[in-house]
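Okay, so here's the structure we're looking at.
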Amino acid sequence: MTDAAFVFRIDGVEVDARPGQTIMEAADAAGIYIPRLCDHEGLRHQGGCRVCTVRTGGRSVAACTQPAEPGLEVENDTEARNKVRRDLVEMLFHEGNHLCPICEKSGNCELQAMAYRLDMTAPTRFPWLEPCRPLDASHPDIALDTNRCISCGRCIRASQDVDGKGVFGYVGRGIHRRVAVNGANLAATDAAITDHAMSPEVCPVGCIIRKREGFAVPIGSRRFDHGLIGSEIEGKKR
């Protein structure tokens, strides 16, 4: 890897990059949006959701973990890539209980917003798993509805790396993998409402619920009510 800045291409557009940057980091700096759900600014990259999958060098890679390299030709905003993303997002809807009209996160939900961006408005192709997990309302300030969880791991990384606590972790394997707390319930952990893991922007869906703050932002004034997800990145495009 060179020690100097270099150039590669995303969908034929030249992108400047620095050594150590991932494809996604360089794309963000250039105002090119690559869809993502598990990746979040300030957290280590995981490459778990695969929504950021791009194609380069004849293979598919996660843009959030794949290093940028001089001369790469990257396919991002193509029908083939977006079809894969629609399939992944649709499966995430089917694996949980996402009832957008009655969810407090509606309008601020990244899964919902990603579906709109990818023109996926009616998930019907896969059987619904319809999990039935108990709501954990044991904590005085926070409730957990893991029926909505998409296993992005953002709360896990935020709790471990930013808060230094490890309140959350994965349990189970394969389709049975889910996020759990490191105690009998959330009240039995050292979780606090001031933790970064509990901040509204960390959980992309309506799984982590801050009590007494529901509908603080009215419908119509929420993050994605007036713009597509990713528009803040595309607004930086030179």
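The values are calculated or read from the model by the stated rules, or taken from the named source; none is laboratory data. Predicted model only: the values in this text are computed from it and were never measured. The area values use the complete protein model at the heavy-atom level, side chains included, leaving out ligands, DNA and RNA. Shrake-Rupley method; radii C 1.70, N 1.55, O 1.52, S 1.80 Å.
Quick notes
- The chain: most fluctuating residue of 144, 43, 135 per GNM, C-alpha cutoff 10 Å: 135
- Straight-line cross-link partners of residue 236 among the lysines, defined as a Cα under 27 Å from its Cα and at least 8 positions apart when in the same chain: 83, 105.
- Length gained when the stretch residue 99-residue 236 is fully extended (0.36 nm per residue, less Cα-Cα span): 46.0 nm
- Accessible area of residue 91 (1.4 Å probe, protein heavy atoms only, ligands and nucleic acids ignored): about 70 Å².
- Protein-only accessible surface at a 1.4 angstrom probe places the residues 94, 40, 196, 176 in the order 176, 196, 40, 94, largest first.
- The residues of the range 55-208 expose, per residue, 48 Å² of accessible area to a 1.4 Å probe.
- Carbon and sulfur %, accessible surface of the range 1-67 computed with the full protein complex present, 1.4 Å: 45
- Working from Cα pairs under 8 Å separated by at least six residues, relative contact order for the chain is 21 percent.
- When the residues 199, 221, 138 are ordered by accessible surface, computed with a 1.4 Å probe over the protein chains alone, the sequence from largest down reads 221, 138, 199.
- By a 1.4 Å probe calculation restricted to protein chains, residue 79 has an accessible surface near 120 Å², given to the nearest 10.
- Calculated [θ] (222 nm, deg cm²/dmol) that DSSP helices of n ≥ 4 give over the chain, each run adding -39,500 (n - 2.57): -4500 deg cm²/dmol
- Prolate/oblate/rounded call for the range 29-90, Cα gyration tensor, a/c under 1.5 rounded: oblate
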